[in-house]
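Shown next, in structure tokens, is the structure this report addresses.
The values are calculated or read from the model by the stated rules, or taken from the named source; none is laboratory data. These figures come from a predicted structure and were not determined experimentally. Positions of Cβ are generated from backbone atoms using ideal geometry, with glycine treated the same way; all protein chains shown enter the neighbour counts.
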Amino acid sequence: MTVTQAPRVVTAHFGLDRSWTLQSYLAHGGYQGLRKALGMGPEEVHQVVLAASLLGRGGAGFDAGRKWGMLRKAKPVYLVVNGDESEPATFKDHALMEADPHQLIEGALICAYAIGADQVFIYVRGEMALAQERVQAALNEAYEHGAVGRDIFGSGFSVDIVVHPGAGAYICGDETALLESLEGKRGYPRIKPPYYPAVIGLYGAPTVVNNVETLSNLPWVLLNGADAFCALGEGTSRGTKILALSGRVQRPGNYEVEFAKLTFRELIYDRSLGGGVRDGKALKAFIPGGVSSPWFGPDQLDITLANSAIAQAGSMAGSGAVTVMDEDTCAVRAAWRISRFYHRESCGQCTPCREGSGWVEKIMRRLEDGHGREADLDLVLDVCDNISPGLVWPPAQTTICPLGPSIPPSVASSIRMFRDEYLAHIREGGCPFPPDRLREHARA
Amino acid sequence: MARLTPENLTRAHELIALYPLRRSAMLPLLHLVQEQDGYLSPEGIEHVAELLGLEPAEVRGTASFYDMFHLEPVGKYVVAVCTNIACMLAGAYELLEHIEQSLGVPPGGTTPDGTFTLEEAECLALCGNAPCLTVNWRFFGDMDRGAWDSLAEDLRAGRLEAEVPPHGALCRVRRSVGLMAKPPVGPGPAGRPVPARGGGAEVELANSKTTSAVSSTVLEHNEEGA
């Protein structure tokens, strides 16, 4: 089994000694992409990014260059960096901000220059205290270095960056909820269309919201060119992608791989990547793109990790979070835990999501505890159908944001794939699986 | 428990000066109050409201939306154990059960001596080192029963004061400069009012009550920056 040995675009500095410092960053070519960008016109930089076909790495996969091109022509213009990574089992932006904050700052500056931003805000998830400290410390260094602030590197371009802490709310990862939060309000998503942030964003001004990983690609793209970036990946999925592998694999972690070249089998089983299912167990199912996505089974291991291939198979690549369940994993319990998450995180604006998430969790819980009835399977699917009519993929939406329609996929796929297990819970009056199996680590 | 100290008030003004509109400093100021008092005291909330030109109820109503803000006093160490999917698959509920027994309180509870508050958390984004937990938002991965026992012992003995600051302290790195490029730029006369709860500006304008609230927000440009 071979895995493509692509250059590391965004994780190149991981593992270097004090990789988060300016000293380390400069020693490895830091801020050269920004210098190059400043020597070009803003529109020229935009063209490079358009040519690179850089898809947003936050989950929705929207082309970053096109997003910039949709900005309403008005002043002021804001750039908001979405570092509010909270999608369960996604942990790539967390790592990027802690290990390489300068790369993010440089990427944000390149974008700010291209779109003519008047101010940049980096919204860092509240719980990530170390990431906040690293990004703030890096920003202080960048100011001193002349990379941000007035007349950057003598180019005449000036812009300020402000690091902004979140305060614990999954929903703020939605870009419009994030803007509300940045305006000092509850993180309630805004209705869109018609107004996307590019038209009415922060304070009603045109705003670009880009994900941390997306912007972290820019220094490399500017330095090496769109052609080099497009030489990696395939189709519309160009460059590399960090895959966050978790669950019952030997080697969970973040792996940067060439986009659209790897199958799930390679990711999970290759010795340089996941290293196979833990303790030699058989694979039962896996979540291909974050907990909002429908599950895949062992027969889908050979699907390529590309946005289009995964979409064709009825799920999504999402944020690149792959979670593995083994033969001892209780599918009911896994689906219940995911439904519990949505119940806790629903912002409460829309009835189908606010009420539906609670009902789904309640029914799932009683099924897992062995107090369910067979009719509950139809009942929970009916509630899901009320949240997202038809239970189709991509899901139909009855709510302001995609959180509501994200509730049914895990429940529906677990029932579709593991109906027998549900019935066993009902028959035996309890969960037939062992508990979570906490592994005691050998410590020195 | 009180209003912001003179030093923290200076920090508050520095934070407010970073934003085009005052209200944007809401979360940073609330974190500041929580850093000072360990939770959001009523006096602290009132002080933030004064600084932002809002009613205390608006500040409290915003704060209550966010999980990290505590409206009641909590222990010296807030232990948040992730039980979401990746950690659950690595035994998070067994770990949580062990910690509950070790502390003698369920999630949401505070030990009688005020040392620990236990919380069951959603995904904390450290899934490569599941199961994980945070203490005052400092991360500890690859946890098991033994690791928790020694961590709790270290915390009780005060051996981790440097790694784990008191509850509420979030970013210990202060911004070294104010804004350099230009004063913060607000939406200005050409900018449209900000839709408060979704929808476009037109929707807002149709509602006179909301409109006055919106325009007062827009007018309230940050004086320091103007």
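Things to note:
- Residues (in a helix (DSSP H, G or I) and facing chain B (nearest Cβ under 9 Å)) located in the stretch A:148-160: A:Ile152
Matching residues to (1) surrounded by fewer than 24 Cβ atoms within 10 Å (Cβ to Cβ); (2) at the interface with chain B (Cβ under 8 Å from one of its Cβ atoms); (3) within 17 Å of the chain's Cα centre (by Cα):
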residue	(1), (2), (3)
A:Leu79	no, no, no
A:Gly83	no, no, yes
A:Thr90	no, yes, yes
A:His94	no, yes, yes
A:Glu98	yes, no, yes
A:Leu104	no, no, yes
A:Ala114	no, no, no
A:Ala117	no, no, no
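- Residue in the stretch A:48-71 that is touching a His at 6+ places or on another chain (Cβ under 9 Å), closer than 23 Å to A:Ala231 by Cβ and in contact (Cβ under 8 Å) with a residue 12 or more places away in the chain present: yes
- Number of residues in the stretch A:161-195 that are at the interface with chain B (Cβ under 8 Å from one of its Cβ atoms) and not in a loop (DSSP other than H, G, I, E, B): the value is 8.
- Some residue of the stretch B:90-111 being buried (at least 18 other Cβ atoms within 10 Å of the Cβ), out of contact with any helix residue (DSSP H, G or I) (no Cβ under 9 Å at 6 or more places or on another chain), assigned by TED's automatic domain parsing to the domain that holds B:Leu21 and not charged (D, E, K, R): no
- Number of residues in the stretch A:190-213 that are closer than 18 Å to A:Ile400 by Cα and out of contact with any helix residue (DSSP H, G or I) (no Cβ under 9 Å at 6 or more places or on another chain): the value is 3.
- Any hit, the stretch A:45-56, residues being surrounded by 15 or more Cβ atoms within 10 Å (Cβ to Cβ), in contact with a strand residue (DSSP E or B) (Cβ under 7 Å, 6 or more places away or on another chain), under 26 Å from A:Asp118 (Cα atoms) and not aliphatic (A, V, I, L, M): yes
- Of the helices (runs of 4 or more DSSP H) lying entirely inside the stretch A:264-352, those carrying at least 2 residues that are at the interface with chain B (Cβ under 10 Å from one of its Cβ atoms) and crowded, with 24+ Cβ neighbours inside 10 Å are A:331-345.
A quick yes/no check of all residues on (1) touching a Cys at 6+ places or on another chain (Cβ under 9 Å); (2) under 30 Å from A:Trp295 (Cβ atoms); (3) within 8 Å of chain A (Cβ to nearest Cβ):
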position	(1), (2), (3)
B:Ala92	yes, yes, yes
B:Leu95	yes, yes, yes
B:Gly141	yes, yes, no
B:Glu161	no, no, no
B:Val164	no, no, no
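- Hits in the stretch A:53-101 (condition: part of a loop (DSSP other than H, G, I, E, B) and among the acidic types (Asp, Glu)): A:Asp84, A:Glu85, A:Glu87, A:Asp100
- Any hit, the stretch B:63-85, residues being of a type in the set (D, E, K, R) and either crowded, with 23+ Cβ neighbours inside 10 Å or not in a loop (DSSP other than H, G, I, E, B) (or both): no
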